[in-house]
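Engineer: Got a structure for you, written out below as C-alpha cells; questions coming shortly.
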Amino acid sequence: MADISSLFSPYNMGKFNLSHRVVLAPMTRCRALKGIPNAAHVEYYAQRSTPGGFLITEGTSISPTSSGFPHVPGIYTDEQVEAWRSVVDAVHAKGSIIFCQLWHVGRASNPVYQPGGAAPISSTSKPISEKWRVLMPDGSHGVFSEPHALTTAEISEVVQHYRQSAINAIRAGFDGIEIHGAHGYLIDQFLKDAINDRTDEYGGSLENRCRFLMQVVEAVVSAIGAERLAVRISPAIDHMDAFDSDPLGLGLAVIEKLNKFQKEKGTKLAYLHVTQPRFTLLERTEAEREEDSVDLMQQWRRAYEGTLMCSGGFTRDSGMKAVAQGLADLVSFGRLFISNPDLVSKLKLNAPLTSYNRNTFYTSDPVIGYTDYPFLQKQTHAN
Ligand SMILES: Cc1cc2nc3c(=O)[nH]c(=O)nc-3n(C[C@H](O)[C@H](O)[C@H](O)COP(=O)(O)O)c2cc1C
C-alpha cells in the first residue's frame, strides 16, 4: 500500500527539501520600528524554525508607498537588507528555509503612511468602503483614503519595485520570495472585478486584470529565477471589499497563466499559496461553506501544475486531512503559530495548544505577544 502523506512527511519543493509540511504563514506583526527588522524579529523567526521547516515572513514593503500598517518592515533600503540578513542567518542556523513576502498594500492605506502625505496608489480611484478601518500609528482606527489610480507608466515603476525588492531579498540571504497577490492589497485590487474599473489594458477582461500580477512574476523571475518565486492569491476572499463575481474563474485564470509561464520557462515556481475561502461565504451555513471551500480548492488543486500551499483556519486534523487527500502539498498556519512557537512539535505530539491573544497581534512591544509565548518544553528551545 502506498504511504499516505501527512503533515509530517517530507516534501520536495523544487530545489528545497522540506522535512515536514507545517509552514509559518506570512503575518504582519508591526514590530519593525522605522521599517527595520531588529533583534526581536531574529528571536521570533528563530523560535519558529525547525530543521527542514519552511517559514514565510510578514508582508514586507517593496517601496516607501507600500505600507498601510504601523511598523511594517521594508526591503528597499540597504539598512533593511542588512537587518533582514540577521533574521535569515538565525533561521538558517536552525535548519529552516525562509521566503520573504513582498507586499504593496495599494489603496489599503492612509496618507499618514505615504511619503509627503500623498494619496495611496491603486488600480482605481475608489476608496475602500467605511465598513473597513485602517490601523493608525497611534493604535486608533481611521478611514481608508481616496487612492490615486496608477497610470500605465506608474504601473511599470511599481513592477520594477517588486523586481528590485526580490533582488534585495536574495542579497539578504532569503531562499526566495512570495508575491502577496491576496487579501485586497495592490495586486488583488487589479485582479478583482469589484475593484478594478480600468478601461486600459489592465482592466476589464480576466486577461487584463491578471496582467499586472503576471508582469510582476515575469520581472521577478527574470531577476532571481522561477524556483525562488511563489505567488499568493485569494480569489474567494472579500477582505477590504475585494469581491469577485467569479472566484472560481479568477483562480483558474491565474493558475492557467502560471502553468503556461512555467511551461515556457521550463521551470516551476516554488509554490502557489491559496487562502481558503472558508470564512467569507457568509450567507451559507457552516457545512455548506466547508463544502464550497473544498470544492473550489479541489478545482484549483486539479488545475495547478506545481506545489500548492493552503492557508486559513487549519487545525491539526483538517491539515492532516488536506495533505492526505491531496488537497494541498503544504499547509500554512497563522494564528496558532503566533501563540505556539513550537507548533510543529506540538502538532506532531498532538499536545494541547496555547490560545492566541488578538490584542497583541499588531502592537509594537518587542516581547509581549511576540516572543513570550511558552514552549512545551523550555529546554527544547534552550538547546
Ligand atoms: C496577525 C495577522 C497578520 C497577517 N498578516 C498577513 C500578511 O502580512 N500577509 C499575508 O499574506 N497574510 C497575512 N495574514 C493571513 C495569514 O497568513 C493566514 O492566512 C490567516 O491568518 C489564516 O490562517 P490561520 O487560520 O492559520 O490563522 C495575517 C493574519 C494574521 C492573524
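The values are calculated or read from the model by the stated rules, or taken from the named source; none is laboratory data. Since this is a predicted model, take the numbers as computed values, not measurements. With ideal geometry, Cβ positions are generated from the backbone for all residues, glycine too; neighbour counts draw on all protein chains shown. Protein only, heavy atoms only, side chains kept; ligands, DNA and RNA dropped before computing areas. Shrake-Rupley method; radii C 1.70, N 1.55, O 1.52, S 1.80 Å.
Engineer: Within segment 80-90, is there a residue that is open to solvent by 60 Å² or more (accessible area, probe 1.4 Å) and outside any helix (DSSP H, G or I)?
Structural biologist: no
Engineer: Let me ask something else about it. For segment 98-131, name all the residues that are hydrophobic (A, V, I, L, M, F, W, C), assigned to a loop (DSSP other than H, G, I, E, B) and under 20 Å from the mean Cα position of the chain (by Cα).
Structural biologist: VAL105, ALA108 - these are the residues of segment 98-131 that are hydrophobic (A, V, I, L, M, F, W, C), assigned to a loop (DSSP other than H, G, I, E, B) and under 20 Å from the mean Cα position of the chain (by Cα).
Engineer: For the list (1) away from the ligand (no atom under 16 Å from the Cβ); (2) open to solvent by less than 10 Å² (accessible area, probe 1.4 Å), I need the number of the one condition that ARG163 fails.
Structural biologist: (2)
Engineer: Let me spell it out: the conditions are (1) among the β-branched types (Val, Ile, Thr); (2) within 14 Å of the ligand (Cβ to nearest atom); (3) within 23 Å of ILE233 (Cα to Cα), and THR360 meets all of them except one. Which number is the exception?
Structural biologist: (3)
Engineer: Which of (1) outside any helix (DSSP H, G or I); (2) crowded, with 17+ Cβ neighbours inside 10 Å is the odd one out, the single condition ALA219 does not satisfy?
Structural biologist: Condition not satisfied by ALA219: (1).
Engineer: Here is a follow-up. Return yes when LEU349 is surrounded by 16 or more Cβ atoms within 10 Å (Cβ to Cβ) and either in contact with an Asp or Glu (Cβ under 9 Å, 6 or more places away or on another chain) or not aromatic (Phe, Trp, Tyr) (or both) and no when it is not.
Structural biologist: It is false that LEU349 is surrounded by 16 or more Cβ atoms within 10 Å (Cβ to Cβ) and either in contact with an Asp or Glu (Cβ under 9 Å, 6 or more places away or on another chain) or not aromatic (Phe, Trp, Tyr) (or both).
Engineer: Do we find that GLU290 is of a type outside the set (A, V, I, L, M, F, W, C), under 18 Å from TYR271 (Cβ atoms) and open to solvent by 30 Å² or more (accessible area, probe 1.4 Å) in this structure?
Structural biologist: no
Engineer: Which one is nearest to the ligand (Cβ to nearest atom) among residues in segment 132-159 that are outside any loop (DSSP other than H, G, I, E, B) and over 23 Å from ALA219 (Cβ atoms)?
Structural biologist: LEU135
Engineer: Scan (1) among the hydroxyl-bearing types (Ser, Thr, Tyr); (2) open to solvent by 10 Å² or more (accessible area, probe 1.4 Å); (3) within 16 Å of the ligand (Cβ to nearest atom) for the single condition TYR11 breaks and write down its number.
Structural biologist: Every condition holds for TYR11 apart from (3).
Engineer: Okay, next question. So in segment 319-344, with the set limited to residues that are surrounded by fewer than 16 Cβ atoms within 10 Å (Cβ to Cβ) and among the small types (Gly, Ala, Ser), which one is farthest from the ligand (Cβ to nearest atom)?
Structural biologist: Ranking the candidates gives GLY326 first.
Engineer: Turning to a different aspect of this structure: Is it true that ARG209 is open to solvent by less than 30 Å² (accessible area, probe 1.4 Å), at pLDDT 95 or above and not aromatic (Phe, Trp, Tyr)?
Structural biologist: For ARG209, the condition - open to solvent by less than 30 Å² (accessible area, probe 1.4 Å), at pLDDT 95 or above and not aromatic (Phe, Trp, Tyr) - is met.
Engineer: Give me the pairs, please: first residue somewhere in segment 255-266 and exposed (fewer than 12 other Cβ atoms within 10 Å of the Cβ), second residue anywhere and among the basic types (Lys, Arg) and modelled with pLDDT of 95 or more, beta-carbon distance under 8 Å, and either six or more positions apart or on two chains.
Structural biologist: Within 8 Å, no pair qualifies.
Engineer: Still on this structure, please answer the following. If you check ILE233, ILE187, ILE237, ILE177, which single one turns out to be within 16 Å of the ligand (Cβ to nearest atom) and at pLDDT below 95?
Structural biologist: On inspection, the qualifying residue turns out to be ILE237.
Engineer: Between residues in segment 175-193 that are under 19 Å from ILE98 (Cβ atoms) and part of a loop (DSSP other than H, G, I, E, B) and residues that are more than 12 Å from the ligand (Cβ to nearest atom) and of a type in the set (Val, Ile, Thr), which pairs lie under 7 Å by C-beta distance while being six or more apart or on different chains?
Structural biologist: ASP175/ILE97; ASP175/ILE98
Engineer: OK, next. Given the condition outside any helix (DSSP H, G or I), free of Cβ contacts under 8 Å to residues at least 60 places away in the same chain and of a type in the set (Asp, Glu), answer yes or no: does some residue in segment 229-240 qualify?
Structural biologist: Yes, the conditions are met somewhere in segment 229-240.
Engineer: Moving to a separate point now. From ASN208, ASN196, which residue is polar (S, T, N, Q) and in a helix (DSSP H, G or I)?
Structural biologist: ASN208
Engineer: Being more than 16 Å from the ligand (Cβ to nearest atom) and either hydroxyl-bearing (Ser, Thr, Tyr) or farther than 22 Å from LEU229 by Cα (or both) is the filter here; which residues of segment 14-45 pass it?
Structural biologist: SER19, LEU33, LYS34, ILE36, ASN38, ALA39, VAL42, GLU43
Engineer: Does TYR162 satisfy the condition of being closer than 20 Å to ARG31 by Cβ and either more than 20 Å from the chain's Cα centre (by Cα) or in contact (Cβ under 8 Å) with a residue 12 or more places away in the chain (or both)?
Structural biologist: No.
Engineer: Do the conditions hold for PHE54, that is, is it away from the ligand (no atom under 16 Å from the Cβ) and aromatic (Phe, Trp, Tyr)?
Structural biologist: no
Engineer: Could I ask something else about it? Kindly indicate whether any position in segment 113-128 is within 15 Å of the ligand (Cβ to nearest atom) and either open to solvent by 10 Å² or more (accessible area, probe 1.4 Å) or not small (Gly, Ala, Ser) (or both).
Structural biologist: Among the residues of segment 113-128, at least one is within 15 Å of the ligand (Cβ to nearest atom) and either open to solvent by 10 Å² or more (accessible area, probe 1.4 Å) or not small (Gly, Ala, Ser) (or both), which makes the answer yes.
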